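Okay, so here's the structure we're looking at.
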Amino acid sequence: MPKRITYYLSLVSPWTYLGHERLGEIANRHGATIDYVPVTVSAVFPRTGGLPLPKRAPERQAYRLVELKRWKQVHGVPLNVEPKHFPTDDRPAARLALTAKAKGHDIAELSLAILRACWVEERDIAGLATLREIADACGLDGQALLDESETQGQQRLDAACEQAIAAGCFGVPWYDVEGEPFWGQDRLELVEKKLTGAL
C-alpha cells in the first residue's frame, strides 16, 4: 500500500507556497499519495494558541521576513516577501479549492496557482473575480465552483479545520504521514525520511 500524506495548507501562507511543489516531488519519488486539505488559520489559531501576523510581537514579525528571504534564496523560487495583498482573507480560496476537491478534481495545481497569485503575481486571492480567473486558467469551471462554494464551501471548510485540529495541527503547512505530524516546509526532509523508513 502506498503511504499517505495528509497535507493541511493555507492558500495564503508563504510557508505553504515554499514547500508545495517540493512536497509533490517527494511524494512522487516515493509513490506516496497526498490528500490536500485547505484550511484557514483564522479558525485553527484561536483553538491552538496561535496569533495572526499583525498581533505578533515586532521582533517575531521582523524575524519572519529574515527567514522568508533565506528560504526564498535556498529554494530559488520567486517570492515577494511583502506582497501587496497580504494579509488577506484565505477563506474564499479555501472554499473554492475544497469545492473543486469535492467535485473530484486534483487540487494540487489549483492550490499552487492561488499561492503564486498572492506571493508572486500581486493578486488578491480574497477576490472572487481573481479566484474565478485562476480556476479557469487551471482548466476548471471557475464560476460554477464559486457558485457552489458560496452555498456549501463554508461547511466543507469548517469540517476541514475540525479535521486538522483533531490531527493536532496548529500551523501550516502541516504534513501528517501515517499518523506522524510534521510542521513547516523546513520539515520536508524529515517527511521524506519518514517515507523511506529512515525515521
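Number of residues in segment 162-199 that are open to solvent by 70 Å² or more (accessible area, probe 1.4 Å) and among the polar types (S, T, N, Q): the value is 2.
Of the listed requirements (1) modelled with pLDDT of 95 or more; (2) among the charged types (D, E, K, R); (3) touching a helix residue (DSSP H, G or I) at 6+ places or on another chain (Cβ under 8 Å), residue 59 misses just one: (3).
Yes/no per residue for (1) touching a helix residue (DSSP H, G or I) at 6+ places or on another chain (Cβ under 8 Å); (2) more than 12 Å from residue 38 (Cα to Cα):
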{"residue": "90", "(1), (2)": "yes, no"}
{"residue": "99", "(1), (2)": "yes, no"}
{"residue": "122", "(1), (2)": "no, yes"}
{"residue": "133", "(1), (2)": "yes, yes"}
{"residue": "139", "(1), (2)": "no, yes"}
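Across segment 12-30, the qualifying residues are those that are among the hydrophobic types (A, V, I, L, M, F, W, C) and over 13 Å from the mean Cα position of the chain (by Cα), and the one among them that is surrounded by the fewest Cβ atoms within 10 Å (Cβ to Cβ) is 26.
Collect the residues in segment 177-196 that are closer than 10 Å to residue 26 by Cα and either assigned to a strand (DSSP E or B) or not charged (D, E, K, R) (or both), keeping them in residue-number order. The answer is 188, 191, 195. A single entry from 40, 33, 48 fulfils the requirement of being within 17 Å of residue 162 (Cα to Cα), surrounded by fewer than 15 Cβ atoms within 10 Å (Cβ to Cβ) and of a type in the set (S, T, N, Q): 48.
Please go through segment 1-51 and give me each residue that is of a type in the set (Ser, Thr, Tyr) and in contact (Cβ under 8 Å) with a residue 60 or more places away in the chain, ordered by number. Passing the criteria: 6, 7, 8, 10, 13, 16, 17, 36, 40, 48. With respect to the conditions (1) among the hydrophobic types (A, V, I, L, M, F, W, C); (2) farther than 26 Å from residue 64 by Cα; (3) in a helix (DSSP H, G or I); (4) open to solvent by less than 50 Å² (accessible area, probe 1.4 Å), residue 159 lacks only one, and its number is (4). Could you grab me the full set of residues in segment 7-50 that are among the hydrophobic types (A, V, I, L, M, F, W, C) and either at pLDDT below 95 or assigned to a strand (DSSP E or B) (or both)? Hits for segment 7-50 are 9, 34, 37.
None of 89, 147, 124 is in a helix (DSSP H, G or I), acidic (Asp, Glu) and on the phi < 0 side of the Ramachandran plot except 147.
Of the residues examined, residue 154 is not one that is in a helix (DSSP H, G or I), touching a residue at least 24 places away in the same chain (Cβ under 8 Å) and out of contact with any helix residue (DSSP H, G or I) (no Cβ under 9 Å at 6 or more places or on another chain).
The residues on offer are 70, 116, 60, and the sole one that is assigned to a helix (DSSP H, G or I) and closer than 26 Å to residue 33 by Cα is 116.
The values are calculated or read from the model by the stated rules, or taken from the named source; none is laboratory data. Here the structure is a predicted model, which is why all the values come from computation and not from measurement. In this analysis, Cβ positions are derived from the backbone assuming ideal geometry, glycine residues included, and neighbour counts consider all displayed protein chains. Ligands, DNA and RNA are stripped out before the accessible areas are found, and what is left, the full protein with its side chains, is counted by its heavy atoms. Shrake-Rupley method; radii C 1.70, N 1.55, O 1.52, S 1.80 Å.
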